Structure formats: structure tokens, C-alpha cells
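Okay, structure first, notes after.
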């Protein structure tokens, strides 16, 4: 899979007559002398499948695929350091294991790059990710320009990776979809287990721990993003991550959590009653969100503009809020004056892939791009009624509902990768009673 990704990107580079430099992520300090668990850069992983830190991939395109060249700079084997910090692949094994043409010590990178780049006028490199690397590359390019009178043709242009590589990443191959389906399966088990095990008196942190446990136990590479476990009015904070408050009888619990599989993400939100039974007001709000989400999903197909999904879900949310008496006016007037934004203040979805908010342009030539087979996106409308909103009756206050699924665009329409996670009212209440068992529970 990674070799094919490299070849496709090299084909693009050949057309642009440019080489490319891609660095993986640096380690990040968590506190004092402890680092965060390491996660490679998504672009770098997409092209290598290599998860060690301190590495750089250099891609040199040729006239055709037989002349393409890939060079990986990485850490050498070091028995002492490996005893302390874990095994390394090593320079000698890298070409065979990863399929790259050549491999060298990462310590040689900045002495070898002037030789490699001297024949290239255009370099694809994403600036702004690491200031120290940016500075070193600019210094290198400047030094090459200073040698121009000696016959060296220095680089004259730095190109962003997004127009080339990120467009490739937007369209998922069957191998990538296999990973995303596996991530969805693990996520399915986690959400159903949360519905089954949650009860009044528990703390949000217990549910948070259950999610992480399930993700890791099933072999995922961890959470695709920080879990949101928001009980009651906490659900009205869109990116609530404290996850440390008690769960009250009669409250709703909103969980926004998705597993990774080989760093490919899922992203799912479900909202359910802590005591297993929706109140009348909770169910009314929930059914508005559910209907809006289903209407938006059902209209997805190749050729449909991406922003149609938000417009369709917004119409459903506004119609429901008007029917419940939470807004006044007409659909057209409410959308025009944006009074709905007190209750629905975000877009209805985003691209999904190696990053939870995945790369890829949303607009082309000033217009919303149309959906195509192989794209994966989320659909996630919501309604959030703050607990201190005195413009609505008290019975509505503190209700926050979001429902989110991961949708693959196919040749004929769409596929819901997370369809097995309950979201109909009766299905959710059945899962809360323990009557629903995830297929992932039989072995993800």
C-alpha cells in the first residue's frame, strides 16, 4: 500500500518537475523528561508505513516509474539506545522492509541534501510544521543560490504538499478502507459497551477509561482524537474533554470518540440517556437531530456538492426547532438571520482518513467541490441548549445532542461505515439495557 502511495505521488512530482522532502513528526515533551506517546506524521506515514521518529523521506521523480527514486534517512541500529527506548529498524534493513531504494543515517541528512537538491529547481516541502527544519532548509537553499555562478542550478521554488499529496490522500484505496472499517468496528464495540455499562452515579472518567481500554484491547493504535465524554449540560461544550464529572440520573451522555487502526481514524458521536430511558424533551430533541442526520446522509452521492450536506441538515434542524417552539419565524428567516446558531453552531461534517479532520480541499475554483467515490466524510448535526439559556423553558435547558457517522462515497451512493452503532431511539434504549452486543465483541 505504501509503495503504491509513493509511486502515485512520484508520478505527480514528475509532472511538476519537482522533488519532495517529507519529515516525520518530532517527539513532544509531555512534562519534564517524559514524552507523549509517539505518533508519526500522517503524510510521512502515508508514504512509508514507518513509525519511528527522526526520519526524512526524499523523493526524486524520473521520466517514468522505473526511474523514480526514494531515499529514506533514519536512525541506525544502536543496541544501547534500543535497550532504553525500543527497537529500531536500522539502515541496512530499510530498503527490503519498506521498499525504498536507498537508506542512510539521519545524521547525514543535511550534508547530503545539498548534493541531492542541487539539480532541482522546485522542492515540495510543507513549511510551518517545525521552525528549526524550516530554517535549516532555507539556509541550505540560500547556500545553493550563492553557488549559482559556479554552475549550480539552485532551487528557486518551494511548493506546498497540499495540492498534490493531500489530493491523493482524499481518495481512499481498498487497503485504506480495510483499515478504516476495522477502526469503525473497534469504535462500534466501544460505543455499545459504554451504552451497556453506563449508569447513574458513575463518573465521566470511568466511561472515558472504558473507551480507551476497548480501543487498545482490540489492537487499535489508540484514540484518533481526545475522547469527549460529556454528561448533561457538558454536552453543550462542543470540545469538552475534562471528562471528570459525575453522571446524574435523568441526564444525557454525549460521547464523541473514535479509534485508529494503523493510524486511520474513525469519528463517531452518540448521545444516550444515563439511566437508559429518554425523557419526553430529550427524545424530542434527539429525534430532530436524528431525522436531520438521516436526511443529509440519504442524499449523498457522487456529484453532490460537499456543502449540500450541511444545508440539508441545517434545514432539518431549523424545522425541528421551530416545531418544538425553540425558535420563531420561518425556515428562511431563521437561516437568513442565523438565529439558529444559539443551538447549532458548527458545520455538519468533514473529511476523514489518517487525520480525524483529514486533508483535502473543500472548495475548488470558489465552489464547493462535488463528492466522488473513495471519499470518506462525517455527518454530524447537533442541537445544544445551554443550561443558562433563559430564553427557553427550563425543561429544555442543558440538553445537548449530536449524532455522527462515517460515510464512504461509493460509485452508486454511500456506505455507512459505523451503521452498527445504535442510534434509533428504541435501539439506543435497548443497548443501554444490555440487549445489544457488538459484532466487534466477537473479535475485532
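The values are calculated or read from the model by the stated rules, or taken from the named source; none is laboratory data. Note that the structure is a prediction, hence the values are computed from the model and not measured. FYI the Cβ positions are ideal-geometry reconstructions off the backbone, even for glycines, and counts take in every protein chain you see.
The strands (runs of 3 or more DSSP E) falling completely within the range 345-444 that include 1 or more residues that are in contact (Cβ under 8 Å) with a residue 60 or more places away in the chain and under 19 Å from residue 308 (Cβ atoms) map to 376-379, 382-384, 405-409, 414-416. Taken over the range 285-311, the residue count meeting the criterion of being touching a helix residue (DSSP H, G or I) at 6+ places or on another chain (Cβ under 6 Å) and either in contact (Cβ under 8 Å) with a residue 24 or more places away in the chain or under 14 Å from residue 424 (Cβ atoms) (or both) is 5. Within the range 241-263, the set of residues being within 20 Å of the chain's Cα centre (by Cα) and within 19 Å of residue 402 (Cβ to Cβ) comprises 241, 254, 255, 256, 257, 258, 259.
Please verify whether residue 337 is within 20 Å of residue 386 (Cβ to Cβ), more than 20 Å from the chain's Cα centre (by Cα) and in the same structural domain as residue 378 (by TED's automatic domain parsing), treating the condition exactly as stated.
On the way: within 20 Å of residue 386 (Cβ to Cβ): yes; more than 20 Å from the chain's Cα centre (by Cα): yes; in the same structural domain as residue 378 (by TED's automatic domain parsing): yes.
For residue 337, the condition - within 20 Å of residue 386 (Cβ to Cβ), more than 20 Å from the chain's Cα centre (by Cα) and in the same structural domain as residue 378 (by TED's automatic domain parsing) - is met.
So which residues in the range 69-83 are more than 17 Å from residue 118 (Cα to Cα) and in contact (Cβ under 8 Å) with a residue 24 or more places away in the chain, if there are any at all? If the condition is that a residue be more than 17 Å from residue 118 (Cα to Cα) and in contact (Cβ under 8 Å) with a residue 24 or more places away in the chain, then 72, 73, 74, 75, 76 are the ones that fit. Among the residues of the range 114-158, the ones that are surrounded by fewer than 17 Cβ atoms within 10 Å (Cβ to Cβ) and closer than 24 Å to residue 361 by Cβ come to 7 in all. Residue 390 meets all of the listed conditions (1) under 15 Å from residue 258 (Cα atoms); (2) at pLDDT 95 or above but one, namely (1).
Residue-wise test of (1) under 19 Å from residue 124 (Cβ atoms); (2) modelled with pLDDT of 95 or more; (3) in a loop (DSSP other than H, G, I, E, B); (4) outside the structural domain of residue 131 (by TED's automatic domain parsing).
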| site | (1), (2), (3), (4) |
| --- | --- |
| 21 | yes, yes, no, no |
| 45 | yes, yes, no, no |
| 59 | yes, yes, no, no |
| 62 | yes, yes, yes, no |
| 70 | yes, yes, no, no |
| 73 | yes, yes, no, no |
| 80 | no, yes, no, no |
| 87 | no, yes, yes, no |
| 91 | no, yes, yes, no |
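Which ones in the range 117-139 are under 16 Å from residue 23 (Cα atoms) and not in a loop (DSSP other than H, G, I, E, B)? Within the range 117-139, 117, 123, 124, 131, 132, 133, 134, 135, 136, 137, 138 meet the criteria.
Out of 222, 231, I need the residue that is crowded, with 24+ Cβ neighbours inside 10 Å, within 26 Å of residue 350 (Cα to Cα) and touching a helix residue (DSSP H, G or I) at 6+ places or on another chain (Cβ under 7 Å). Which one? When all the criteria are applied, what remains is 231. Of all residues in the range 409-444, those satisfying the criterion of being at pLDDT 95 or above, closer than 27 Å to residue 213 by Cα and surrounded by 21 or more Cβ atoms within 10 Å (Cβ to Cβ) are 417, 418, 421, 422, 423, 428, 431, 432.
Taking the stated definitions as given, is residue 55 surrounded by 18 or more Cβ atoms within 10 Å (Cβ to Cβ) and either modelled with pLDDT under 95 or more than 25 Å from residue 162 (Cα to Cα) (or both)? Here the answer is no, as residue 55 does not meet what is asked. With respect to the conditions (1) under 26 Å from the mean Cα position of the chain (by Cα); (2) in a strand (DSSP E or B); (3) surrounded by 15 or more Cβ atoms within 10 Å (Cβ to Cβ), residue 13 lacks only one, and its number is (2). Collect the residues in the range 206-216 that are under 12 Å from residue 245 (Cα atoms) and under 23 Å from the mean Cα position of the chain (by Cα), keeping them in residue-number order. Within the range 206-216, 207, 208 qualify.
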